[in-house]
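Data first, discussion second: the structure below is written as structure tokens.
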Amino acid sequence: MKELSQEEYQATFFPPMLDVTETAEEIVDLWDYADPVIEQLYHSCTAWEWYVKHIYETGDEFQHLNIPVPLDNTYLVVIVDKPKQKILGHYVLDLHPYPRH
């Protein structure tokens with residue numbers, strides 16, 4: 001399990017980011033990777049429904065699997081290297097426009 005830095009995460013974006021949520025093919029076993037990350041970061045939070053809400057792709061390079069977490073507007077993003085068919089790592093994406101206090 002590798003948590004990506006913001007720079008590493010940003011390096012996996014190439015316009016256009018295509019929403020392929022309805023058509024994406026499974027490239028890797030997501031939950032083999034995500035379950036231990038969820039356990040480590042969120043202690044499984046058994047009252048939470050864990051699922052992939054959005055899948056975005058950068059053409060033939062990367063696939064971003066966005067899993068909502070038990071924090072408003074925050075996602076665990078698992079990044080897949082499509083040509084190598086392996087997971088690069090994960091990043092916690094907080095979409096809050098302002099810092100929380």
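So which pairs qualify, if the first residue must be in the stretch 89-101 and part of a loop (DSSP other than H, G, I, E, B), the second must be at pLDDT below 95, the Cβ gap must be under 6 Å, and the two must be at least 6 apart or on different chains? Within 6 Å, the pairs are LEU95/ASN73; HIS96/ASN73. Of all residues in the stretch 4-40, those being at pLDDT below 90 and either touching a Phe, Trp or Tyr at 6+ places or on another chain (Cβ under 6 Å) or hydrophobic (A, V, I, L, M, F, W, C) (or both) number 2.
The values are calculated or read from the model by the stated rules, or taken from the named source; none is laboratory data. In this text, all values refer to a predicted model and were calculated from it rather than measured experimentally. Glycine gets a Cβ as well: all are built from the backbone with ideal geometry, and neighbour counts include every protein chain shown.
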